[in-house]
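Some notes on the structure that comes next.
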Amino acid sequence: MRSTRARTPAVVLVAAFTLVASCTSGGGENLAEPATTSASTGTTTRADDTDAATDTTVDAGETTATTSATPATRGPDLPQVDLGEFNIGHGRMSEELVELSWTSVEGDEVTHRVHRVPTIGTDPATVDLTTAPLVYSGPDTSFTDLDAPAGEFWTYVLEIDADGATADRRAWTSVLTVTDETPPAPITGLTATVGDDGVLLRWDPSDDDVEFGAYAVLLVADDGTATYLGGGASVGETSFLDDRPPTGSATYRVQAVDYHDNRSTAEITVEVG
């Protein structure tokens with residue numbers, strides 16, 4: 001459904017960018033709650049064939065990206081990030097600190113252990129935690145790391161002891177230790193094509209001044225609540241097929257998200273017969 005940039009681990013945007021609120025892998029993002037809005041006007045077309053996407057090279061600022069000919073599609077309705085019975089996510093992250101929080105498991109005596117390992121070239125699912133640097137151990141479900149080297153990607157791996165038994169499962173989150181409050185470039189050129197296969201969304205590539213994270217596609221209800229459908233983790237994945245659209249008026253929100261959960265947003269409304 002989506003590809004992952006070479007710099008980032010495969011878990012980056014399971015929710016990514018993955019984004020359960022304040023407790024997800026790849027960064028604590030709640031995709032139904034945009035942090036910033038920079039809406040642009042889209043257009044709607046109707047076609048019989050929604051597979052008509054073609055390769056197009058677009059210059060997006062300093063990034064030249066080729067749009068995806070095969071759109072990402074809505075995936076199965078799975079939990080965003082829940083590796084076993086616990087997960088971990090980040091809040092603020094900068095050169096000075098990384099805020100971490102996580103869910104726990106039930107038990108009378110529970111100990112949480114957080115390890116910090118380099119993200120690049122590291123698979124957190126297989127890292128040997130007996131040799132990985134331990135940055136926190138205790139009963140709390142939050143920790144602020146004041147010693148993470150700045151300007152780098154780091155992965156925090158969480159394991160839990162419950163009632164004397166080491167949890168076999170792990171959870172992790174990836175962070176970028178820089179200060180970034182600027183959203184990605186606005187989403188432009190958003191179109192929606194209604195066809196026999198569903199609603200095909202297309203847009204122009206975005207970009208980010210620090211590190212692009214992912215595109216997020218959401219379906220907006222009449223009351224304003226938004227449901228995350230999916231997206232792509234590459235700047236060039238600029239199309240999405242909703243193969244289960246609602247009947248009637250449907251509003252879609254497309255967001256460009258960076259590693260610090262800054263977002264640029266565009267919306268489009270389409271009539272589905």
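Since every read-out is calculated from the coordinates, none of them should be taken as a lab result. Here the structure is a predicted model, which means the values were calculated and not measured. Positions of Cβ are backbone-derived with ideal geometry, glycine not excepted, and every protein chain shown enters the neighbour counts.
Worth a mention:
- Reported count of residues in the range 233-249, each being in contact with a Pro (Cβ under 6 Å, 6 or more places away or on another chain) and closer than 11 Å to Trp203 by Cβ, is 3.
- From the options Ser137, Ser142, residue that is closer than 29 Å to Gln255 by Cα, in contact with a strand residue (DSSP E or B) (Cβ under 9 Å, 6 or more places away or on another chain) and of a type in the set (Gly, Ala, Ser): Ser142
- Residue match in the range 188-209 (condition: touching a strand residue (DSSP E or B) at 6+ places or on another chain (Cβ under 7 Å), in a loop (DSSP other than H, G, I, E, B) and under 24 Å from Val114 (Cα atoms)): no
Conditions (1) within 20 Å of the chain's Cα centre (by Cα); (2) closer than 30 Å to Asp242 by Cα; (3) surrounded by 15 or more Cβ atoms within 10 Å (Cβ to Cβ), marked per residue:
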site	(1), (2), (3)
Val178	yes, no, yes
Gly189	no, yes, yes
Thr193	no, yes, yes
Trp203	yes, yes, yes
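- Strands (runs of 3 or more DSSP E) wholly inside the range 102-184 containing at least 1 residues that are within 16 Å of Gly91 (Cα to Cα): 110-118, 142-145, 153-162, 171-176
- Positions within the range 181-201 being charged (D, E, K, R) and out of contact with any Leu (no Cβ under 7 Å at 6 or more places or on another chain), in sequence order: Glu181, Asp196
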